[in-house]
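As structure tokens, the structure follows; a few thoughts come after it.
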Amino acid sequence: MQSGRRIFIVSFLAFSALLAAWSFANPLFSAPDEESHVNWAAALDAGRTGAQSHYANGGAVSHVFVPPAAAVGVNAGSYAACFKGESTIPADCAPEIPGAGPLVSSDTHSAEYPPLYYYAVGTSLLFNTASGGLYGMRIVGDLMVASLLAAAVTCVLLYTKRRFLLAGLAIAMTGQVLYLGSIINPSGLEIAAALCLWTAGAILVTDFAAETPKGLVVAIVASASVLVLTRSLSPLNTGVIGLILLLSLSPKKWWTLMKQRRFQLGLACVVVASLSALLFLSNHDSFKVVPHSSAEIAALKDSNFSMLLSGSFDRLRTWMDQSIVIIGWLSFRLSDWFYLAWYAAMGFLILWALIVGRIWHKVILLLIIAAAIVGPCILVATQAPKIGYVWQGRDGMPLFVGIPIFAAAMIGAKGKLPRLERFFGTALVIVALAANLGVLYAVGRRYSVGTNGSLLYFVDEIWQPAVPSLAIILVATGATCVLIRYATLAMRQPTNLGSSPAAFLAASDGAAASLGDSTGEPETGHEMASSSSNGLISSSTDGVNGDDSK
């Protein structure tokens, strides 16, 4: 089996197992708006849509007919009302999910949203319309997200020597990425697509080659196309990411890209996907969101822009915390020390990148930070008098994850500080992935016994998930160990794995000695793997120089 295919498959299986563990650790309908997303996906695939959307409380609401299990999240008033927002109360108080039965009427406010995600996850209900089908919807979403995360890892291991990018990926892949990717919510797919696009794009612009590998182009095109078609704000996020990556290249390099046939075809696919998304949005009220209280809107109506902008910045820390991890109805958060540690890791990456990076790349990094942090504040301030401050951290995460990824790409430039880079890169990967495992443990405890319950909650569960908690912990731990092992082996072999498949395959089987001198200095220059017949890469080509200048 070719090295590229194996890297992708192992990464995909590990991410799938990890996301599945998250899916079973969280009760059904325990996430914000999950009941609405379930209803619309069920209506498209296993039920039927109703009348055209009407407007209630300022938001678009559609009447649909869905299986009873899908409707319970809405029709029961609030399926999780007994433990919603109460972290000390376990989830056993929620009613039973009904079994299969005739379609029932329900409501959703997701009918005006782009349908790609809903058609995909709803296919599970074609086979099972009870609780198994609902978990199946989550698993379908897990597989889509896992494929994008695995593609990002594969790009790093095959197309660049910048192994520090793995550290950037680990920091970007916060607990919130895994949480949103494991529930029924299109935000998870959008963020995973953005993460993959940032990774492949950072490799493209920092390791520019006269002939871009086919696999890298496929990763960029696929992730950009999925991203632009996923949510209402996705075309804007895709455009911002594309513009920033474009600005990272000089006109000469951009023209070199445009002369490549594979890049032309890829760009055409992204344009078609973007036009399709814009056409859909132009015919639907996708931006008609349920506003905050009328009292808040009345209070903001006469405020000037500077006051509105100040209100946005006052909420910035909350939005950033939500990008790290706050689960449930944005009510269950971890210790402040956890968030401060993540901010310290992010600040460390940014500072290091600003010290060692190329001048133009420093400008680009600051531009990404401005787009991810200042941009949402301005956007929210312009809309606050109409709908209030309805923004959430997940809405800005497609841009936010680009900060650690691009910073890490800058740090890895031309093998600078290789040993120090390898040490800190390995440490960041281990700590970040282990921290996400700890978050999953905290989530499982919260729902099984409540935050005041036993630390060994899996021994005597009050709420029992569909899969035993101990099995969830073991599966997640195993998947995390595989990812850590893969990353640490890659850190020890700085050359492109596509140029040395035998060495990496032997190392991944535990024969670390086959890697040779793991403490040796990496070669300067860039060895870009060329495309093989399977579209991923196997053989290497000589000498594309890693020019980091604009």
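Where a number appears in this text, it was derived from the coordinates with a stated rule and is not lab data. Quick caveat: nothing in here was measured; it's all calculated off a predicted structure. No Cβ is skipped: glycine too gets one built from the backbone with ideal geometry, and neighbour counts run over all protein chains shown.
Amide H contacts for V104 (H built 1.01 Å from N in the peptide plane; partners 5 or more residues away or on another chain; cut-off under 5 Å): V66.
Computed over the alpha-carbon atoms, segment 334-398 gives an Rg to Rh ratio of 1.08, Rh here being the Kirkwood radius from the mean inverse distance. Note that segment 99-105 has calculated 3J(HN,Hα) couplings of x, 5, x, x, 4, 10, 7 Hz, one per residue in order, obtained from phi through the Karplus relation 6.51 cos²θ - 1.76 cosθ + 1.60 (θ = phi - 60°); glycine and proline are x. Residues whose amide H comes within less than 5 Å of that of F332, counting only those at least five positions distant or on another chain, are I327 (H built at 1.01 Å from N in the peptide plane). Once a ≥ b ≥ c are taken as the square roots of the eigenvalues of the Cα gyration tensor of segment 267-360, is the result rounded (a/c under 1.5), prolate (a/b larger than b/c) or oblate (a/b not larger than b/c)? Oblate shape, in that a/c is at least 1.5 and b/c is the bigger or equal ratio. Magnitude of the charge dipole for segment 242-387, about its Cα centre and with charges confined to Cβ atoms of Lys, Arg (+1) and Asp, Glu (-1), is about 860 debye. Taking amide hydrogens as placed 1.01 Å from N in the peptide plane, the amide H of T451 sits under 5 Å from those of T88, I89, each at least 5 positions away in sequence or on another chain.
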